[in-house]
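Take a look at the structure below.
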Amino acid sequence: MVKYRRGEVIYAQGDAGNDIRYLQKGAVKLSVLSRVGREAVVAMLVPGDYFGEGALAGQSVRIGTATAAVASSVLIIEKDAMIQLLHNEPAFSDRFISYMLTRNMRIEADLVDQLFNSSEKRLARTLLLLARYGHANPQRTLPKISQETLAEMIGATRSRVNFFMNKFRKLGLIEYNGGLKINSSLLSIVLHE
């Protein structure tokens with residue numbers, strides 16, 4: 001178990017990929033950097049999420065960077081230990097496979113969202129996903145996340161994110177009271193054609 005401070009790099013793009021990580025507490029931002037230096041946020045992880053699992057598929061180097069978005073506790077599982085767990089513990093293996101399939105479906109939905117939806121809908125969907133809307137334990141108040149990070153996640157400018165956040169607040173879909181609170185009514189933006 002390793003503890004990370006807010007903003008601390010957990011692993012960097014290009015580092016050796018010889019373990020899998022499990023987020024026990026906090027929030028982690030996964031990002032990739034292009035050859036020209038452009039960063040894209042590909043996911044925001046919450047407790048219960050695995051990351052770095054490419055090591056299991058033979059990925060010898062990290063293809064992205066994992067950074068603690070807030071103070072976080074991360075369990076590091078060596079690749080060989082994870083493989084042994086998957087082979088010897090059917091219940092764990094079933095849960096891990098289910099997690100990976102669900103995450104794969106989410107990645108596909110993210111791609112469709114990026115290709116076909118407006119930036120307003122992408123922002124609303126991202127906020128709902130960050131709040132774990134539809135999960136057994138939704139988290140209405142989000143960990144601190146900047147509008148810049150939200151812009152990177154949805155492929156828009158910070159000023160567009162600011163415009164939509166203000167719009168959502170005026171409509172009562174979100175609240176700013178020391179933290180960002182997501183109301184389930186935000187779903188209306190995603191569902192509206």
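Values as computed for the structure displayed
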{"read-out": "R0 of 41 Å, Cβ-Cβ distance residue 71-residue 34: FRET efficiency to nearest 0.05", "value": "0.90"}
{"read-out": "Where chymotrypsin sites (Phe, Trp or Tyr not before Pro) fall in DSSP loop in the range 1-68, at most 16 other Cβ within 10 Å", "value": "none"}
{"read-out": "Carbon + sulfur, % of accessible area of the chain - ligands and nucleic acids excluded, 1.4 Å", "value": "55"}
{"read-out": "Between the range 18-87 and the range 102-160, the Cα center-to-center distance that results, in Å", "value": "19"}
{"read-out": "Accessible area of the range 1-105 divided out per residue, in Å², using a probe of 1.4 angstrom", "value": "56"}
{"read-out": "Förster-model FRET efficiency, 41 Å R0, residue 94 and residue 177, C-beta, rounded to 0.05", "value": "0.50"}
{"read-out": "Mean Cα-pair separation over length for the range 60-193, i.e. relative contact order, pairs under 8 Å, 6 or more apart, %", "value": "22"}
{"read-out": "Total formal charge among the other residues, if their Cβ is under 15 angstrom from that of residue 12, Lys/Arg +1 and Asp/Glu -1", "value": "-1"}
{"read-out": "For the range 36-88: Kirkwood Rh in Å [reciprocal of mean 1/r, alpha carbons]", "value": "13.2"}
{"read-out": "MRE, 222 nm, helices only [DSSP H, n ≥ 4, -39500 (n - 2.57), over the chain, to nearest 500]", "value": "-12000 deg cm²/dmol"}
{"read-out": "Qualifying lysines (Cα of each under 28 Å from Cα of residue 181; at least 8 residues distant if same chain)", "value": "3, 25, 29, 121, 144, 167, 170"}
{"read-out": "Kyte-Doolittle mean at least -0.5, axial Cα span of 27 Å or more - DSSP H helices of the chain", "value": "90-116"}
{"read-out": "Computed FRET value (nearest 0.05) for residue 86 with residue 2, which takes r as the C-beta separation and R₀ as 22 Å", "value": "0.50"}
{"read-out": "Inter-label distance for residue 117 and residue 42, nm, one decimal - labels placed 7 Å from Cα along Cα-to-Cβ", "value": "2.0"}
{"read-out": "Cα gyration tensor of the range 62-159 - equivalent ellipsoid semi-axes, whole Å, descending", "value": "29, 17, 14"}
{"read-out": "The chain: Rg to Rh, with Rh as the Kirkwood radius over Cα pairs", "value": "0.97"}
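The values are calculated or read from the model by the stated rules, or taken from the named source; none is laboratory data. Being a predicted model, the structure only gives us computed values, none of them experimental. So basically every Cβ, Gly included, is an ideal-geometry build from the backbone, and we count neighbours across all protein chains shown. Heads up: the accessible areas ignore ligands, DNA and RNA and are worked out on the full protein's heavy atoms, side chains in. Shrake-Rupley method; radii C 1.70, N 1.55, O 1.52, S 1.80 Å.
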